[in-house]
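The structure appears below as structure tokens.
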Amino acid sequence: MTSDVPSVMDTYYPQGAVVVLDHDPYDAKSSRPALIISDDKHPDRYNETVEDPAYTAAFLTTGFYTDNAWARKITYTDLDEGKALSRQNSHVMLWALRPIYESEIDKRVAQVTEDFLYALGDDYKTFFDPSETHL
């Protein structure tokens, strides 16, 4: 049985994609980069029946966070695609998780490596460990 509804999989953003939102939910800026955390195996609410699929994302900042253990810097070696982020001193803010909707995404600008995703996963494991503190 076929459907006349176009598949949203045509615009699917994979885990590790760095996207730019058309607004900044935390500030008065006109855009905000975010790292897609969810994927087709761990979706937020992504399926072909949802008109505006959502992704779980961690927001990025160009703020200075080298003294913050809960921010992971993205360097040029962390990118499989795209290089602009590494020149801007971008950091993933572990505490800034939020669902984002596909309609909020303006463009995809980079893809982080699998190694970066594993390291970020280790960061989140520590972040959620009640015996750890980095205050």
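Distance between the pseudo-spin-label points of Asp106 and Tyr12 (7 Å out from Cα toward the beta carbon): 2.7 nm.
Backbone amide hydrogens, once placed in the peptide plane, bring Val109 within less than 5 Å of Val18, Val19, Val20, excluding anything fewer than 5 places away on its chain. Phi angles of segment 91-102 translate, via the Karplus equation with coefficients 6.51, -1.76, 1.60 and θ = phi - 60°, into HN-Hα couplings of 10, 7, 8, 4, 7, 9, 9, 6, x, 10, 9, 4 Hz per residue; Gly and Pro are given as x. Near Leu21: Cβ cut-off under 13 Å, other residues only, Lys/Arg at +1 and Asp/Glu at -1. The net charge is -1. As a proxy for reagent exposure, Tyr124, Tyr55 were ordered by neighbouring Cβ count within 10 angstrom, fewest first; the result is Tyr124, Tyr55.
Sort Ile74, Ile37 by Cβ crowding within 10 Å, fewest neighbours at the top.
Values: Ile74 24, Ile37 21.
Going from sparsest to densest Cβ surroundings: Ile37, Ile74.
Between Ser131 and Asp52, the contour length at 0.36 nm per residue exceeds the Cα-Cα span by 24.6 nm.
Between amide H atoms placed 1.01 Å from N, distances below 5 Å from Leu79 occur with Thr113, all of them 5 or more places distant or on a separate chain.
Here, each number is a calculation from the coordinates, and none is a lab measurement. Only a predicted model underlies this, so the values are computations on that prediction, with no experimental measurement involved. We place every Cβ from the backbone using ideal geometry, glycine too, and count neighbours over all the protein chains shown.
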